[in-house]
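Take a look at the structure below.
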Amino acid sequence: MASADELTFHEFEEATNLLADTPDAATTSRSDQLTPQGHVAVAVGSGGSYGAEDEVEEESDKAAEQQQQQQPGFWTFSYYQSFFDVDTSQVLDRIKGSLLPRPGHNFVRHHLRNRPDLYGPFWICATLAFVLAVTGNLTLVLAQRRDPSIHYSPQFHKVTVAGISIYCYAWLVPLALWGFLRWRKGVQERMGPYTFLETVCIYGYSLFVFIPMVVLWLIPVPWLQWLFGALALGLSAAGLVFTLWPVVREDTRLVATVLLSVVVLLHALLAMGCKLYFFQSLPPENVAPPPQITSLPSNIALSPTLPQSLAPS
Amino acid sequence: MAEAEESPGDPGTASPRPLVSLGSATKGTEGLSDISISQDIPVEGEITIPMRSRIREFDSSTLNESVRNTIMRDLKAVGKKFMHVLYPRKSNTLLRDWDLWGPLILCVTLALMLQRDSADSEKDGGPQFAEVFVIVWFGAVTITLNSKLLGGNISFFQSLCVLGYCILPLTVAMLICRLVLLADPGPVNFMVRLFVVIVMFAWSIVASTAFLADSQPPNRRALAVYPVFLFYFVISWMILTFTPQ
């Protein structure tokens, strides 16, 4: 009995000595670790009996419970601050991880490490939307240089269209995917589905490769544009598939293949839609309006040129 | 010596003497025990806060002063901040005395100059007044929220103030572009406008970074500065692609 008491008491003293020697460790740790240490330090001062140690253990347990109950509610600012708890190096590392997908290398486990952030998805989507609108306008400028009869206009409405479509894709499709995976949760036992934020992160970071692709689409060579598009789509879809495969492979083969093919198809539709809407290839020789979705602005662009041709006659 | 051991044991005593005796026990100087601050040296006198009377004077004077004085004071404050933006130094004036008059004047000027004519087509063309306004203000609010969520220690309105004032170089670029566009269009025209917009864009970035970068921890500075870059890039793009009809 006495030897057991002495053993536990010595451990206690050692721990508090460690704490006293390394005050820096105490200050940089999270707040939920700080409270039990604080309780330990106070208990030492009041005496060193076995009963006091019991009290300390109870207090530290209660403190841990209280800390867990004090998770900030969704109406507080610090709740959202927890989603932006990333450093520059971490964001760059996640972007690199999305650019180079490897088959066994799960993006969520290796790069996110269960700490998803909202910074990456939000600003990658914003960048992509503005880059789409800007480069789409730039192709019109370059087309006009080749053929001065094409009417140039800033086309500001494309910024709105780009923004809405990119943000809807990057936030609604993960919502649908997350909902579907949770619905099928009963079938999978080994690996739980990703949280909503992790799904948003997967999609957000996978959109990063489209930014250099869109910039490279400025080169007005059609087969090169399709090549870049295919490359970027392949990289991005591969990243998505490799990340979703561990979650989906527990399911039946039919559901797995259908889900993955729907994901890849939606991604391909996004890339194609961007190419066709923002980069309508105006033929350099003639001024005939291309039969695209946006035939209306081409008609309006055409009408100012008609009075000019009629005026001399 | 004995007094030092007694002191933790009797928390209920009201006399100030144990504090003094503890000091004498640890330092070993006998002279300290003779000084008992609360008993021997009476504290008397008057406490006046000179600032209070000055503030009261200030209040009554702004109420009675002429309208011209009030407007000139605000205009001078705005002008002083313009100077701080044009010659960015590490000073706290923009942050300490923030105001949103300057950003409002700049935003309205920019939006008035950038808006397309009503005769222009509805679908294809430059931004409307409201679109410029929304981009500037919602962009600034988003960047401020982003900066605060990343853990920066700058207040909401200070950040809005800095971002708004740093649009000044781009507004100057817009004025120059409009003047240059009065000349005949051509590649030289475009080159001049491109050069002016690039220089003013770099100036805006440098000015705003000088004020905002210090508020972030160093491992997140790039994360906070990148949205500012994107914001001024979009505004520069709108200025560069402006074509009068």
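We did not get these values from a lab; they are worked out from the coordinates using the rules stated. Remember, predicted model here, so these are calculated numbers, not experimental data. Note that each Cβ is placed from the backbone with ideal geometry, even for glycine, and that neighbours are counted across all protein chains shown.
Hey, with R₀ at 22 Å, roughly what FRET efficiency would A:Ser149 and B:Thr243 work out to, going by the Cβ-Cβ distance, to 0.05?
On the way: r = 16 Å, r/R0 = 0.71.
The computed FRET efficiency comes out at 0.90.
How many nm separate the modelled label positions at A:Leu99 and A:Ser261, each set 7 Å beyond the Cα in the direction of the Cβ?
3.3
So if each residue of separation counts as 0.36 nm, and I subtract the Cα-Cα distance between B:Trp101 and B:Ile41, what length gain in nm does that give?
Extra length from B:Trp101 to B:Ile41 when fully extended: 16.2 nm.
What does the structure give for A:84-95 when I average, per residue, the other chain Cβ atoms found within 10 Å of the residue Cβ?
Mean inter-chain Cβ contacts per residue within 10 Å come to 4.
Would you kindly derive the ³J(HN,Hα) couplings of segment A:232-246 from the backbone phi angles with the Karplus curve 6.51 cos²θ - 1.76 cosθ + 1.60 (θ = phi - 60°), listing them in order in whole Hz, with x for Gly and Pro?
Result, ordered by residue: 5, 4, x, 4, 5, 5, 4, x, 4, 5, 5, 6, 7, 4, x Hz.
Gap in Å between the Cα centre of segment B:207-245 and the Cα centre of segment A:226-241?
Cα centroid to Cα centroid, the span is 30 Å.
Which entries in A:Lys158/B:Lys81; A:Lys96/B:Lys148; A:Lys185/A:Lys275 show an alpha-carbon gap greater than 30 Å?
A:Lys158/B:Lys81; A:Lys185/A:Lys275
In nm, give the distance between the simple-model label positions of A:Phe242 and A:Ile164, each being 7 Å from the Cα along the Cα-to-Cβ direction.
Here the modelled spin labels are 3.6 nm apart.
How big is the C-alpha Rg of segment A:131-241 next to the rule-of-thumb value 2.2 N^0.38 Å, as a ratio?
Normalised Cα radius of gyration, segment A:131-241: 1.40.
What does the charge count near A:His111 come to, summing +1 for each Lys or Arg and -1 for each Asp or Glu among other residues with Cβ under 9 Å from its Cβ? Don't skip to the answer; put the middle values down first.
Numbers: positive: A:Arg94, A:Lys96, A:Arg109, A:Arg113; negative: A:Asp93.
Once all neighbours under 9 Å are counted, the net charge is +3.
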